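First comes the structure, then the notes that go with it.
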Amino acid sequence: MTNPVSQQRLAKAFVDLAAGGESSEPSDPTGLLEALATHGTALLGDCAATVVYVPDDHAAAQVAATGADLVRLARDAAAWGEGPGQQARRTGHPVPDTELGGERARRDWPRYTPRALELGYGRVAALPLRVGADTLGALVLLGRGSAALRPELLELGQSLTDVAGWTLDRERRLSATRALADQLGEALTSRVIIEQAKGTLAARLSVTVDEAFRLLRAHARSHRRRLSEVAREVVEHRLDLRSRQQ
Amino acid sequence: MTAGRTICGMATEGGATQGKISAERKAAVARARSAHETIRAERCEAQAAEAPTEALRAAHLRMAELHRSTAHCHLTAARLQDDYASRLALWAGQRGTPRPRFMTGVAEACGTSSAALTLVGADSPDELTVAASDESARAAQELEFLLGEGPARDATVEVRPVMAAGPGLAVRWPGYGPAVTELGIDEVAAVPLSLAGVCVGALAVFDPAPGFVGTDSFTEIAEALTRSMILSPDGDAGLYGAAELRAKVHQAAGMVSVQLECPVADALELIKARAFAEGVSARSVAERVLDGELRLG
């Protein structure tokens, strides 16, 4: 049946997951999701794996899977808001091994179930992808045939998903920090340019620095422009307030 | 050299209380973050203990280690805030003494009385603000600003710790080295303020305690400041009003750029060169320019 999971393979999976997939941008989770789907599939024996990730309520669902059919299935499931992955994401709890030919699957996932059966899968389970305190997606494991998905596999799948979720969470925090750093840099640069503009204007119009600042502010306000933009144009000699004083 | 903008003002009950409340709140936030990171570390450790395979166990332990180190860093931040709060409390009872500086506590945590924190913009290693613990640090940082070379700038650009001492100072920085030695400083070191792959400045220390440079404490203090004060939504990149923007210097640069019809960056360099040649601060040259007493060029 299922090969025992190779330690080496597993170690590589974690390295890839921690690196955010093979070639992804720092804040682009696509690579990570693909790594999760690929490693899920490779590690979990006869299973196929799909991943769904919805970063927030306003964002489109991101999916990853091995094979075009599965990608399509995962994408449709996300669009329908139906299927084991959606259920695990919504509830935050795992969907235990379920027989796709059974009553429950047909009842709970009327559109998902026939499609999965058509692709040759007989069993399904889903594991929540927890990112920080939120559940933002799921790893779905699909088994061929009718034999139940073994508990060890689900346990391993959950661990793999937890590592991916931890990495996504970390990436989310890092993005927030980078955004703060950008804001800080811009704010400081703007303040310096505003001081330079005060001096520029004071010399050009032979007024005091305070009067120059008043003129800058008045111009920005009456033209509904940001003070820092007006200041930059003054410093770069692209704006001469002499002719446009109001 | 004359001082830049310093926080003078007489000790007033109100000012001290407000600052103290702010520092205590920041300490509480840092402690809560530390506790949160510890819980996350414990969760990872529990997952490691139950991990079905060795590779998984190692992955969870690595994650736990990161959380532990972040927890520790938040604790360092809390201690710095506590220290500042108690300095303010003490000051409130002593009329007429200068207001304590946040950087004084930072310097002491580094085993010295002289430390300076500089912040830079996104696209240039030029220092935009500076906060210093004392006049010695302030004077050293002024030299770096005037000469455009020195430990803080190198740590920011190279994003790694930098240190030099004795004759090594002049070897590394031909202008800054001899000048800082003349101030009576024998050793300088700086670490980048870097988080999430972004470097926003540097923490520099002057004549630190023997053996301090190269320890984890130095980088940890820098990280604690970055996390709690500089890159935190509820932080204070102005370091309780101590970070100086050199407003007058930039105003004067604007003025000189019109007088000499040159780019403002060139005007700023002229002011710096004049200040270094005269052995005064950029601010004192700037004040003379602004008062119409001095025309450069």
query: Pairs, please: C-beta under 7 Å, at least 6 apart or cross-chain, first residue open to solvent by 30 Å² or more (accessible area, probe 1.4 Å) and in the stretch B:229-244, second part of a loop (DSSP other than H, G, I, E, B)?
result: B:Gly241/B:Ile7
- prompt: If you check every pair at least six apart or on different chains, which have Cβ atoms under 6 Å apart with a residue in the stretch B:203-219 that is surrounded by 16 or more Cβ atoms within 10 Å (Cβ to Cβ) first and a residue that is assigned to a strand (DSSP E or B) and polar (S, T, N, Q) second?
  reply: B:Phe206/B:Ser114
- prompt: Taking B:Ala77, is it part of a helix (DSSP H, G or I), surrounded by 21 or more Cβ atoms within 10 Å (Cβ to Cβ), away from every other protein chain (no Cβ under 11 Å) and within 36 Å of the chain's Cα centre (by Cα)?
  reply: yes
- prompt: Which one of the conditions (1) more than 8 Å from every other protein chain (Cβ to nearest Cβ); (2) touching a helix residue (DSSP H, G or I) at 6+ places or on another chain (Cβ under 6 Å) does A:Arg225 fail to meet, given that it meets all the rest?
  reply: (2)
message: Any residue that is of a type in the set (Phe, Trp, Tyr), at pLDDT 90 or above and under 21 Å from the mean Cα position of the chain (by Cα) - is there at least one of those in the stretch A:72-83?
response: yes
field: Number of positions in the stretch A:189-246 that are over 23 Å from B:Pro125 (Cα atoms), open to solvent by 100 Å² or more (accessible area, probe 1.4 Å) and in a helix (DSSP H, G or I)
entry: 4
- prompt: Any idea which residue in the stretch B:229-254 is farthest from the other protein chains (Cβ to nearest Cβ), counting only those that are more than 23 Å from A:Ala197 (Cβ to Cβ) and aliphatic (A, V, I, L, M)?
  reply: B:Ala242
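Out of curiosity, is B:Ser69 free of Cβ contacts under 8 Å to residues at least 12 places away in the same chain and under 23 Å from the mean Cα position of the chain (by Cα)? Break it down into steps so the answer makes sense when it comes.
Working: free of Cβ contacts under 8 Å to residues at least 12 places away in the same chain: yes; under 23 Å from the mean Cα position of the chain (by Cα): yes.
Criteria met by B:Ser69.
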Contacts under 6 angstrom Cβ, first residue in the stretch A:118-130 being over 13 Å from A:Ala105 (Cβ atoms), partner part of a loop (DSSP other than H, G, I, E, B), 6 or more apart: A:Leu127/A:Pro94; A:Pro128/A:Gly92
task: Output the residue which, of all residues in the stretch A:133-161 that are at the interface with chain B (Cβ under 9 Å from one of its Cβ atoms) and open to solvent by 30 Å² or more (accessible area, probe 1.4 Å), is nearest to A:Trp109 (Cα to Cα).
output: A:Glu155
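The values are calculated or read from the model by the stated rules, or taken from the named source; none is laboratory data. Owing to the predicted nature of the structure, the values given are computational and were not obtained by experimental measurement. In this analysis, Cβ positions are derived from the backbone assuming ideal geometry, glycine residues included, and neighbour counts consider all displayed protein chains. Accessible surface areas use protein heavy atoms only, side chains included; no ligands, DNA or RNA. Shrake-Rupley method; radii C 1.70, N 1.55, O 1.52, S 1.80 Å.
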